[in-house]
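Colleague: Before I ask anything, here is the structure I am working with.
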Amino acid sequence: MIVEAQDALTIGEVINLLKDDFPDISVSKVRFLESQGLLAPGRSDGGYRQFDHHDIDRLRFILGQQRDHFLPLKVIKSKLTLWERGEDVGPGVAVDEDRLLQSGSESMTRDELVRRSSLSPEQLDALIDHSLIHIDASGGFSTEALVVATEARRLFSHGLEARHLRTILHAVEREADVLGQLTAPLRRARNAEAHEQARNILAGAGEAMLSVHRALLTEELKRLADS
């Protein structure tokens, strides 16, 4: 079955479409991949997931990497950038340490970002006003903006507002400042080798900070849940 660009499938229809190639696919598995940031389907007015051709191609790639190469989600997530660029993502391709600094080639329009994240235009404006989402050089929005928008929608559903999410932005800015100070001498140098070393440090240390941040937040949330 070929899915035309204007079509949108429900999660059940996606399961039926891919079942022959991926017998272990299930609603819960697709939802889990979404929760891990590997998928970001749009939503209908009623809140139901809607998968376009890009979402389905992306899901095929993820499931294929799991089935054919037994790759963990962290590695698959890093390869998605190469896949979106149309580059070779075979099993022998090494995953660059600086993948954290690489952005996908996709640039979305405002209307597409609203549709795929299910944010209201007013909510998107609030995120932009609070510097949580930025318009890129082409006047569109990056794949990172889609992640922020999709996760912000989840937080909004719990009663939070864009102004509350500025605490996340402040934490990110402080963390980036620490790494900026760490790599300042290398970034000020006038040779390409120093700049490349700075980039590698930023990427590797950034990945480590993400892991530490998640672990510390998890501990704090456990403490709150148990109190």
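The values are calculated or read from the model by the stated rules, or taken from the named source; none is laboratory data. A quick note: this is a predicted structure, and the numbers were derived from the prediction, not measured. Positions of Cβ are backbone-derived with ideal geometry, glycine not excepted, and every protein chain shown enters the neighbour counts.
Colleague: So which of ALA171, ALA145, ALA203, ALA137 is closer than 27 Å to GLU84 by Cα, more than 17 Å from the chain's Cα centre (by Cα) and either hydrophobic (A, V, I, L, M, F, W, C) or outside the structural domain of ASP52 (by TED's automatic domain parsing) (or both)?
Modeller: ALA137
Colleague: Among all residue pairs at least 6 apart or on different chains, which show Cβ distances below 6 Å where the first residue, located in segment 202-227, is within 17 Å of GLY180 (Cβ to Cβ) and the second is modelled with pLDDT under 90?
Modeller: Final answer for the pair search is ALA203/GLU97; ALA203/ASP98; ALA203/LEU100; ALA203/LEU101; GLY204/GLU97; GLY206/LEU100; GLU207/LEU100.
Colleague: Continuing with the same structure: In contact (Cβ under 8 Å) with a residue 12 or more places away in the chain and either closer than 18 Å to SER117 by Cβ or not in a helix (DSSP H, G or I) (or both): which single residue out of ARG190, ARG199, ARG153 fits that description?
Modeller: After applying the criteria, what remains is ARG153.
Colleague: Related question: Is there a residue in segment 117-135 that is in a helix (DSSP H, G or I) and either aromatic (Phe, Trp, Tyr) or closer than 19 Å to GLU34 by Cα (or both)?
Modeller: yes
Colleague: Do we find that PRO185 is farther than 24 Å from LEU217 by Cα, surrounded by fewer than 12 Cβ atoms within 10 Å (Cβ to Cβ) and at pLDDT below 90 in this structure?
Modeller: No, not satisfied.
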